[in-house]
Amino acid sequence: MQSRNKILDDVSQLMTNAMGVAQGAREEAETAFNSWFERWLAERDLVTREEFDAVRAMAEKARAENEALKARLDALEAGKG
């Protein structure tokens, strides 16, 4: 009976170790894929979502400023006319 428990303990420990190795391999694969994908995007001059959102925010701000300046210019021109 004692040897049977020892065998089960050994199998359990082996499975636990195997799961740890599998988890580590998965994390390494994810890291390698992410690095490869980022290099692939950079080689094609594609931008990340964060970069796109930043440029979009700058464009929206510039558009709002231009509209404000146009309204101000229109008001000045209306006052002279």
Exercise. Among the residues of region 29-47, is there at least one that is assigned to a loop (DSSP other than H, G, I, E, B) and acidic (Asp, Glu)?
Worked result: yes
Exercise. Just checking, which of Glu60, Glu77 is surrounded by 10 or more Cβ atoms within 10 Å (Cβ to Cβ) and in a helix (DSSP H, G or I)?
Worked result: Glu60
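Since every read-out is calculated from the coordinates, none of them should be taken as a lab result. Predicted model only: the values in this text are computed from it and were never measured. Positions of Cβ are backbone-derived with ideal geometry, glycine not excepted, and every protein chain shown enters the neighbour counts.
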